[in-house]
Every structure is written in C-alpha cells, then in structure tokens.
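The values are calculated or read from the model by the stated rules, or taken from the named source; none is laboratory data. Worth saying up front: this structure is predicted, and the values here are computed from it rather than measured. Positions of Cβ are generated from backbone atoms using ideal geometry, with glycine treated the same way; all protein chains shown enter the neighbour counts. Heavy atoms of the whole protein, side chains included, go into the accessibility calculation; ligands, DNA and RNA do not. Shrake-Rupley method; radii C 1.70, N 1.55, O 1.52, S 1.80 Å.
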Amino acid sequence: MHRLFAKLFLIMMLIMFVAPRSASAMPEIFPFNELRSGMTGKAYTVVDGSGKIENFDVSIVGLTDEGKGSKRMIIAQTSGEVIRRTGGILQGMSGSPVYIDGKLVGALAATLKEMDPYTVFITPIESMLELWTLPDPKAQVNYFKIAKAEEETQPEVEDKSVPVEEEVVPEEDSEVEEADAFYFNGFDSSGANFLQRELGLKKLQAAPKSLERGLDLNATLDPGSALGVALIYGDFSLGATGTVTAVDGKKILAFGHSFMHSGNVNYFMTDASVIGSVSGVNGNGVKLAGIGNIIGRINQDRDSGIAGILGTFPAVVPITVTIKDNALDKSETYNATIAYNENLIPKLGAAIAYTALSKMADTTAESTVEVDFNIKTNVVADGELVRKNMFYNATDVGQVAILELMQALNLVCSNTKEESNIFGVDVNISFDTERRTASIVSVTPDKKSVKPGETVNLTVELQPYRKPTETVIMPYTVPLTARQGNLSLEIHGGALVPVNQAMANAGIVTADSNKSYEDKIKDFLKTNKNNQLVIEVVTTNEPRTEKQIRKEIAQAKRAQALLKKEGKSSKKTNSKVDTNYIIDNVMRTTLSVEKV
C-alpha cells in the first residue's frame, strides 16, 4: 500500500555498506518449567562506549506463574564486576539475554522500582518466541532488492494465529518497573512536553545523537547488542534503546517487554551507540545510548517483547517543515521521516511542525503565524490536500497553529474503506512577533432594496489592532429563493462560529453526522479561514410547509427569467474574502427584498 514512498525514501537515504558477517542462529533454550531456585547463569549486554558485550552473574530466586492468561516471569538476583560498576540494572538493559549452561533462559525486563536495583524480572524465552509466529499483515517489500532487480525475497514469517498473553499492567504504586524509557533528539522542551502529553508517555528524556545516521543494508546483530526502535528518524527522532535477546538469521527478539504494546507494527529498527552509563539514586540508573543506522523493521510490539527482521524496511511518511521569520527575513528547513502508523502520524506530524516553529521563534510571546501545508495523498482526486490559514495567540501560538494539520492528518488516516497512502507532508510556516487581528467597525451595503438574484456590494470597514482603518468591498448575491421582506446578513471572521452552526452544535438544528469520508474531506477544505471575512444569511428555525417550498421554487424561476430578460447573470458571488488579519468579531446588516 505504501510502497512508492518507502522506495523513494530508501533511494534518498545515505546508504552505508559494512562487511557482512555470519548470521547468528538460535541456541538451545532452557524451558521455564525446568528452572529452579538457586540456578546460576550469565546475562549479556553493552554498558559503555567500547561497544563490547560484557556479562554479569544471574542467580534464579523464583518463578511467577498465575495460570492461564497471566504473564510468567522469572525473578533473579544479579551480581558481578559489571553490575558493581553500573550500580545495578540500568534503563537500556531490557532484553539482555540470560543463559544457564549455554541455554537461553529469557530476557531482562524489569526491576523493583526504587527498592532493589540488583533484583530483576526475566521474561521467559518461550513467551518471546511466539512473536516470530504471529501474522504480519503490515509486512513491506524489501525495496532495495527491487531496485537492484534481485529475485530473493524477505524471510518468511509463518502466518498462523497464536494466542497472545494479555498485558499485565502494574498499578501506579507497583514496585515493578520496566527498565527502558523513550528517548528523543531534535525536540526542544516544548516539543518534548507536547509529545509526552499527546502520546501519554510516562518517561521521556533527551538522548545523544549518533554520529552514524543512515541506512545499513548488511547489518548483523548478536545477543547482547544494543538495539534501537524508532517512530521518527531524521532532524527529529523519537524511540527507545534496549538490548537484543535472540537472533535467528534475519529475525531478532529484544527488550523482554513491549515498546508501545501496539501488536503488529511498522517501526524503524536501528542499531544503537552506547555512550556510557550513569548510576542513579535508588536504582534509577540509565545506559546512555542513541539510535544509529536504520537496519530493519520492527514488526511485533507485544507484552513479552519486540520482534523484527533485518534488511527489510518500514513504510514511511517523509515530512518537511520550513519556518520563516518575517521580521528577521531568515528561514530554516527541517526534514524527518515518520514510520507509517495511522494512529501516530497525526500526533507525530503535528509535534514535528510545532517543535520546528518553537525552535525557530525561540519565544512564547504573542505571535501571528501563517500555516500552509500540503499532504500528498491518494484520498483526494488531484493527489494533494492543501490548506492555508492564519493564527494568533498571546502566548504559545504554535499550540493553536498545528491543530488543523493534526486534524487533516487524522482525517486522511480515518478512511474506513482502505488504508490511505500518504506520500509526503510539506509544511510552510511564517511568523511575525506581532498581533495581526482586526475588528469589523461597520458594514454598509451600496443599496438597501434588492431583488432575488441581484448582487449588492457591502463595504466592510476594519479596525486593525493599533493601525489605521481599512475597507474591504464584498459583493453578495441575494439568493433566488429569498423571501420578500427583511434579509438579515451576518458578517464575521472565519474563526468565529456563525449563528446557524452554533444552533446545530447545540442540537437546535440537526447536524448531518452520517457524511461519507469523501464529503468530510471536502467539508474540511471548505472550512472558513481565520483571516477571512464571511457573509452568512441568518435563518430562523421555523419549519417550512410544502406550500411555502413550492412558492419559493416558483419565485426562483420568476427571478431567473427576469435576470435573463435583463441580460444579467444569476451566478453566485464568493461570500468569503481573504484579509491580512484575523477577524475577531461579528456584525449584521439588513437588506429589504422586493417581491418578484
């Protein structure tokens, strides 16, 4: 479904080749039901910038198995020179493989929160192996092989249904804590707060940016190697790092717990560079690491861990955000790529645009911004969903300015018929550190008495904030069905909800909630802009009788014939006019409609 833009992404990426090594194979496993208290083994992980996989001692304390549907875990004590050096188990060690007598037991997954950094919970390898048997409907073709015209295919993933254990969610005061956090790069504090709020992340922290960023087509991994999983890649990145548990050819298992617990997924698999480790208070130590080259695709994100395939790559959505400071006449362009996930694209796209503006503006003072975005997608006939609008806020205008982008992406991703293609998103934002609002002072029609189908020019006087008044001429065509008598018009800013819509929202008028997907897209594109002057007819809620409807139709026909006789057109004029300001109030005027 998303093959074109995934292919384009890979072609554009900097390709890095490394000397191939022999792929690892699965070792013999140590069954959960054969484990006993007192058994000892070794765990393997990377803890410093050398990249060397080191080991430490593990002693089995006990097992937890509460029956069908529960999560089986192994409780163990850790020790040894590596553990003394790190001050206990660190964030980032999740997935570290544990062996007893050369047999794979499972993966480090959690610690006792703020109590004992040396006691760990291990996810049994049997639970993790199930991830390799789960269906992968989001699987993508290896586009590099297509580009090279090779015939070999990606590794097969057996497509059969296997029951997945339900997630055991710890209570807020639980002692057990999974040993990893989300890491970001490129986002400032405002952007990080936005991500944390929108994605509901509990732990989010800055990470060093790896010097090696690109695509490694020949990467190999070993149990104990550092591994990254990312949602965003480029000038902005968001993901987590952990440890590889097992490798079988091109298939990998890691983490020993979920990343976002999202089931079958489409995420970037990356290598990771460990910088070092920091021992924390009460066991809150962390292994400092950053995501590196893209080396594959994570395809399963389950309670027992994550799984992926080396050398295959996720479908992606490239996003480019250009920010221009009008006052200083300077601009900056940011590029990032989002792993295709319909639930996350709207939030991640908005977070990138918001952060780009926040970094460029470097202020929370009042600002006015113009946002112009283009979503290249197959959900509209011409392949582009384009929208431009203006926003003002006395404090953080970015929070307001990116809402329509998020709304548009949500709309594109909510197609109930099929998964939508998004080939790219281009966002252009210009800003001024001033208030560009205006109020309507007066509305004066060039004639008060009109006929149905006739055009009247309305002179709208605007009072911009702390600037001289300006006038705007708005032509308005009287509806052919306008009744004899007074016709009340409401002139307002596009950001303001007209009376008719307010009544619909309040339930006074029944709103159409059964619109098709296509109509919802059209309605979004027709939505009034904040910097527009809009003319609306103020209607009543009185029901019309069949006799009244027939009378209106007859009147429309007479008015149409009269206009034709006079050589005039009954074509409607545009009832919206763009201005350089956000219009912040409403004003009415009344026309007298003559009998036809």
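Quick notes
- Checking every one of the GluC sites (Glu not before Pro) in segment 32-82 against DSSP loop status and a limit of 10 other Cβ atoms within 10 Å picks out Glu66.
- Annotation for segment 417-490 versus segment 291-326: alpha-carbon center distance of 44 Å.
- Length added when fully stretched, Asn378-Arg588, from 0.36 nm per residue minus Cα-Cα: 71.5 nm
- Taking Cα centre as origin and charging only the Cβ of basic (Lys, Arg, +1) and acidic (Asp, Glu, -1) residues, the dipole magnitude of segment 181-251 rounds to 220 debye.
- Theoretical FRET efficiency, 1/(1+(r/R0)^6), r = Cβ-Cβ of Asp116 and Lys250, R0 41 Å, to 0.05: 0.65
- What the phi angles of segment 384-390 give under the Karplus curve with 6.51, -1.76 and 1.60, with θ = phi - 60°, is a coupling list of 9, 9, 10, 8, 9, 7, 10 Hz, glycine and proline written as x.
- Span from the segment 345-414 Cα centroid across to the segment 76-129 one, whole angstrom: 43
- If the chain linking Glu342 and Glu34 were pulled fully straight, counting 0.36 nm for each residue of separation and taking away their Cα-Cα distance, it would gain 106.6 nm.
- Full extension of the chain segment joining Ala327 with Asp65 gains 87.9 nm, where the gain is 0.36 nm per residue of separation less the Cα-Cα distance.
- With both labels modelled 7 Å from their Cα along Cα-to-Cβ, the Glu126 to Glu198 distance reads 4.3 nm.
- About its Cα centre, the dipole of segment 211-338 is roughly 180 debye, where the only charges are +1 on Lys and Arg Cβ and -1 on Asp and Glu Cβ.
- Per residue, the convex hull volume that the Cα atoms of segment 203-280 enclose (Å³): 128
- When only Cα pairs below 8 angstrom with a gap of at least 6 residues are kept, segment 366-504 shows a relative contact order of 20 percent.
- Overall Cα dimensions of segment 424-481 - principal axes, largest extent first, Å: 45, 39, 12
- Per residue accessible area in Å² of segment 372-472, where ligands, DNA and RNA are left out and the probe is 1.4 Å: 44
- Here the calculated FRET efficiency for Ser189 and Arg84, from their Cβ-Cβ distance with R0 = 30 Å, stands at 0.30, rounded to the nearest 0.05.
- Here the simple spin-label model places points 7 Å from the Cα toward Cβ, and for Thr133 and Ala561 these points are separated by 8.1 nm.
- Using a cut-off of 30 Å between Cα atoms, the listed pairs Lys388/Lys467; Lys287/Lys330; Lys330/Lys467; Lys250/Lys376 include Lys287/Lys330; Lys250/Lys376 as exceeding that distance.
- Theoretical FRET efficiency, 1/(1+(r/R0)^6), r = Cβ-Cβ of Asp432 and Arg483, R0 60 Å, to 0.05: 0.85
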